[in-house]
Amino acid sequence: MISVVIPSFNSFGTIEHTLKSLLSQNRINLLSEIIIVDSSDDNQTKQLLSVYQSEKIKIINGGIKLMPAKTRNLGVKYAKGDILAFIDSDAIAAFDWLEKIADAYEKGIKVGGGSVLLPEFQKNRILPLTQYFFQCSEFMESKNIRQKRFVPTVNMFCERQLFDKIGGFPDIRASEDVLFGLEANRFSSVWFIPQIKVFHIFRENIKGSIKNQILLGKYIIIYKRLYDKDVFYYKGLWPLLMLPLFLVVKFCRISLRIFKTNLVYVLKYLFILPFFLLTLFFWSIGFINGIFSNMKITE
């Protein structure tokens, strides 16, 4: 049986899509429970979740503004299933999401995840497209199952025993899925199974999008310094000196992945390229903030 864990913070506008997709699974018998750990500070989300609370859907009060890593770890404490599945409150699970996770587990895959796609209502919108290409190019739909260093928590599963052995998600504001995957690989290979699909609903306000990119850029260097402690170009001011090279490499890697997909994606990418480059600029601001940050992993 599968326990689904969802972190929630002021998710009124999206989490109903998530819940409806989970309750409409073709193999609903695989679902042990849905555990929502809510740390919202708005009444709308709390009222909506109270409507959905049931024997199958548990609502856990996580306090106010609890970081996603901690909400997921808290949710796992209440989970009864042998398999833990993680999805975000702004994602829609494909109708066979649980079935594909169970199939992968039966084949011996203990930890992994799948494709991240855009929902139909965002496929032609500039801001969601820009965020999608920038954040998810590594996990776009493809044909090949392959091993990865990590998979994103928007679409991840892990055997319960293995999760406990890993020690759960580290207490860090962002990039916790990367650190979790790197640690998981010490015990079991992490697999990317494209057939396990979710549709990510991206931000549609510019301010929120910019803030998120700055956050992601900041925690990239923080996690790099935590994990690759002996790599000289992550120490001191070396990352600042290396930043132009990092940006070129990041841009080339993402572009190459997109150009390997299909003509439709390529044309859309070329259309939003100016916005993509602007996103890269804000990401770099976050990266610079991270270089000079004295924050600890437990912040």
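The values are calculated or read from the model by the stated rules, or taken from the named source; none is laboratory data. Predicted model, so just to flag it, every value in this text is computed and none were measured. So basically every Cβ, Gly included, is an ideal-geometry build from the backbone, and we count neighbours across all protein chains shown.
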So residue 56, is it in the same structural domain as residue 154 (by TED's automatic domain parsing) and over 22 Å from the mean Cα position of the chain (by Cα):
yes
Search result, residues across the stretch 85-111 that are within 12 Å of residue 34 (Cβ to Cβ) and aliphatic (A, V, I, L, M):
85, 87, 93, 98
For the list (1) surrounded by 14 or more Cβ atoms within 10 Å (Cβ to Cβ); (2) at pLDDT 95 or above; (3) out of contact with any strand residue (DSSP E or B) (no Cβ under 9 Å at 6 or more places or on another chain), I need the number of the one condition that residue 225 fails.
(2)
Kindly check whether there is at least one residue in the stretch 43-66 that is among the charged types (D, E, K, R) and surrounded by 19 or more Cβ atoms within 10 Å (Cβ to Cβ).
no
Those residues of the stretch 21-47 that are farther than 16 Å from residue 86 by Cβ, at pLDDT 95 or above and part of a helix (DSSP H, G or I) come to a total of 3
Would you point out the residue of the stretch 19-42, among those that are out of contact with any Leu (no Cβ under 7 Å at 6 or more places or on another chain), of a type in the set (Ser, Thr, Tyr) and within 19 Å of residue 74 (Cα to Cα), that is surrounded by the fewest Cβ atoms within 10 Å (Cβ to Cβ)?
32
Counting only residues in the stretch 273-295 that are among the polar types (S, T, N, Q) and in a helix (DSSP H, G or I), the one farthest from residue 133 (Cα to Cα) is identified as 289
Candidates 79, 85, 104 - the one that is small (Gly, Ala, Ser), part of a strand (DSSP E or B), at pLDDT 95 or above and not assigned by TED's automatic domain parsing to the domain that holds residue 260
85
Yes/no for residue 211 being assigned by TED's automatic domain parsing to the domain that holds residue 285, of a type outside the set (A, V, I, L, M) and surrounded by fewer than 22 Cβ atoms within 10 Å (Cβ to Cβ)
yes
Breaking point among (1) among the β-branched types (Val, Ile, Thr); (2) farther than 30 Å from residue 247 by Cβ; (3) touching a residue at least 60 places away in the same chain (Cβ under 8 Å); (4) surrounded by fewer than 18 Cβ atoms within 10 Å (Cβ to Cβ), for residue 92
(4)
I'm checking my understanding of the structure. Among residues of the stretch 203-261 that are without any contact (Cβ under 8 Å) to a residue 12 or more places away in the chain and of a type in the set (Asp, Glu), which one is farthest from residue 9 (Cα to Cα)?
230
